[in-house]
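Computed from the coordinates by the stated procedures, all read-outs in this text should not be read as laboratory data. Predicted model only: the values in this text are computed from it and were never measured. Every residue, glycine as well, gets a Cβ built from its backbone with ideal geometry; the counts of neighbours run over all protein chains shown.
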Amino acid sequence: MSWLRNHKHTVYRAAVGAAAISLLCFIWAGVNLYRNRKLLEAEIAARDYVGRGGSQGNSQGNNQGGSQGDSQGSSQDCGQWDTYLFGGDVVEYSGKRYRRSSYVKAILCIGVDRSGEMTEKTTTGFGGQADGVFLIAQDTARNTIKILMIPRDTMTDITLTDLSGNELGKDMQHLTLAYAYGDGREKSCQYMADAVSELLGGLKIEWYLAADTSVIPVLNDEVGGVTVTIETDGMENRDPALVKGETVTLKGKQAEVFVRYRDVNVDHSALYRMDQQQQYIKGFFQAVQRHSAKDSGLVVRLFERIQDYMVTNMTKDQYLKVAMDAVAGGKLGDEDFYTVPGEGVVTLRFDEFYADREALIPILLELFYREIE
């Protein structure tokens, strides 16, 4: 007992050390269990995919080893959907041959549901999700754009990571989550680009641009507001001026409310919200055209205002040229918007959207390919 009294501080420190080591072991075990569970889920998803007639492993291997190289000059038959159907330059469909138009660029635009600057990387899960997903087909020869709207709840293969950012494989989940598994910056954008490319049969996406949705009021007011007609019930609960049937020139936060509002108690509300987003994009485009006719520095100023709230792999010269060419190219009407076809499914927890990939083929051919003899 006398030894214990004389060394009680040593015993106490040893006990604390042992407890700390035990805690670290517990945390490490938990991380390993999480990692192993995600790996198992990804493996099961891959096996299920193979069982449905695909081969995710072979498709990825072919893409890395050949679809960007060997398939460049070869054609691919559209008679049966292939994970990398549009991975090559030439596609055969309904007895005709099509080549990827070198002058039509694919630009992925992502609206991220977070607030604040996007200048710093974040931990997995803290960088926001993709609230709006749009693929722009920019015809650089004619200075026109067309927009493919992609439902955020689309179920497709996305890259999974642990909290440290280590990749765990792929699994079929909501497209919106692909951004969240990244770093809130370039890696998140690349995960989104990879997921959308795979959803669209390996279509090459040249550029991406993601922006925090809090920039909407800033851009909106810089062009003097955007005029829209309210077509959704319940929006007045967020702003009393936004009553169904009314035509309103949106100011400040009203613009973000209009673009993002949905009734979460209504099935597939995110899908129906795309009509609001399409109306706003058209109105904003018209406002930019109208004001830039009098103010040649408008487009440059718009990007300067949101510089710290966006992430892109384009240079400043590139995205300014894209924007200026689009503004100079003419109107943006309903005929310039496309939506990924498919079917919505309501589950016990979440809405899910499954793309009709066969119905996607003629849309992608129209947007990005041209017929050849």
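Once both labels are modelled 7 Å past Cα along the beta-carbon direction, what's the Ala293-Asp308 spacing in nm?
So the two model labels end up 3.5 nm from each other.
Label point 7 Å out from Asn143 along Cα-to-Cβ: which residues of region 318-348 have amide N under 15 Å?
Once the point is set 7 Å along Cα→Cβ of Asn143, 320-332 turn out to lie under 15 Å by backbone N, inside region 318-348.
Could you put Ser269, Ser102 in order, starting from the residue whose Cβ has the fewest other Cβ atoms within 10 Å?
Sorted ascending by nearby Cβ count, the order is Ser102, Ser269.
Place a label point 7 angstrom from the Cα of Met324 along the Cα-to-Cβ direction, then list the residues of region 258-299 whose backbone nitrogen is under 20 Å away.
Within reach of a label on Met324: 285-299.
Go through Lys121/Lys321; Lys121/Lys282; Lys146/Lys251; Lys244/Lys282 and tell me which ones have a Cα-Cα distance over 29 Å in this structure.
Lys121/Lys282
Report the Cα centroid-to-centroid distance between region 238-263 and region 87-147 in angstrom, as an integer.
27
Which shape class applies to region 212-307: rounded if a/c is under 1.5, otherwise prolate when a/b exceeds b/c and oblate if not, where a ≥ b ≥ c are the square roots of the Cα gyration tensor eigenvalues?
Judged from the Cα gyration tensor, region 212-307 comes out prolate (a/c at least 1.5, a/b above b/c).
For a quick check: sort Ser94, Ser197 by the number of other beta carbons within 10 angstrom, fewest at the front.
Ascending Cβ contact count within 10 Å gives the list Ser94, Ser197.
Treating only the Cβ of Lys, Arg, Asp and Glu as charged (+1, +1, -1, -1), what charge dipole size does region 164-301 show about its Cα centre? Round to the nearest 20 debye.
Dipole of region 164-301, to the nearest 20 debye: 400 debye.
Neighbouring Cβ atoms within 10 Å as the yardstick, rank Thr154, Thr213 fewest first.
Thr213, Thr154
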